[in-house]
1. Based on the Cα gyration tensor of the chain, what are the three equivalent ellipsoid semi-axes, each the root of five times an eigenvalue, rounded to whole Å and given largest first?
2. For n ≥ 4 DSSP H runs only, could you compute -39500 (n - 2.57) per run for the chain, divide by its residues and tell me the 222 nm figure to the nearest 500?
3. Report, as a whole number in µm² per second, the diffusion coefficient that Stokes-Einstein gives for the range 120-199 at 25 °C and 0.890 mPa s using the Kirkwood radius over alpha carbon pairs.
4. What would the Debye equation give as log₁₀ I(q)/I(0) for the range 1-60 at q = 0.14 Å⁻¹, counting only Cα atoms as equal point scatterers?
5. I'd like to compare 168-176, 85-93: which one has the highest average count of other Cβ atoms within 10 Å, and what's the full order after that?
6. Kirkwood Rh, the range 25-64, all Cα pairs: how many Å?
7. Order by neighbour count: Thr192, Thr84, Thr111, fewest other Cβ atoms within 10 Å first, most last.
8. Can you give the alpha-carbon Rg of the range 1-116 over 2.2 N^0.38 Å, where N counts its residues?
Amino acid sequence: MESVPLLALAAYAAGSIPSAYWIGKVFYGKDLRELGSSNLGATNALRVLGWRAAVPVALMDVLKGFAPAWWFPLLDGHTGAWPTVLYGGAAIAGHVFSLWVRFRGGKGVATAAGALVAISPMAVAVGLLAWLVALVALRTVSVASMAAAFAVGLAGLVIPGTDTAAQLFLGSIAVFVVWAHRSNIRRLIAGTEPRIGGRRSEGGG
């Protein structure tokens, strides 16, 4: 039990790794906090730097959510869903409030997806399907992300054998993702949210 707080801090530190910031600065000489939506995530990296930057950003963000959620419970010897939820949640918090860049990070979608793979792979599959359908239908990444989050939350309620802690976590992801996309929601209402293949609006993402 003594190791849990330390591992939670380690999960937060792992989630804090600012993948988009480091890749943008080291390989492109650009600070994504000052470009596009100012968001340190794969979507802003895609819009500002292109897919060659966005792919490694997304992979790193997924990994830093998955690794603590999957590996740290093995280290502390706990079973059940709650340690996975704790470490996954800490990693997501680290991504959103990164200690490396003055607590400015991304919106946590990719990092949450990584943690969710460790918690409920079937829910992730449902969320991914919802994301793809919404993206193809509406060509808006923010809407697709929120649709995926809601699908994951609902999946947690109907998938047999899902632990209560996991259900609460999956549901909280839906609420959190909507909160993280509040600026996107305002742009959606105003009709200025960027769409894939369409004209990019000012500050989109």
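Each value in this text was obtained by applying a stated rule to the coordinates, not by laboratory testing. Keep in mind it's a predicted model, so treat the numbers as computed, not measured. All Cβ positions, glycine included, derive from the backbone under ideal geometry; neighbour counts span all protein chains shown.
1. Values: eigenvalues 154, 89, 32 Å².
Taking √(5λ) for each Cα gyration eigenvalue gives 28, 21, 13 Å.
2. Numbers: 10 runs with 147 residues, N = 205.
Estimated from H runs of four or more residues: -23500 deg cm²/dmol.
3. Working: Rh = 13.0 Å.
The Stokes-Einstein estimate is 188 µm²/s.
4. -0.42
5. Details: 168-176: 20.7, 85-93: 27.1.
Going from most to least packed, we get 85-93, 168-176.
6. On the way: mean 1/r = 0.1005 Å⁻¹.
Averaging 1/r across every pair of different Cα atoms and inverting gives 9.9 Å.
7. On the way: Thr192 13, Thr84 25, Thr111 33.
The fewest-first ordering by Cβ neighbours comes to Thr192, Thr84, Thr111.
8. Numbers: Rg = 14.3 Å, N = 116, 2.2 N^0.38 = 13.4 Å.
Relative to the 2.2 N^0.38 Å estimate, the range 1-116 comes out at 1.07.
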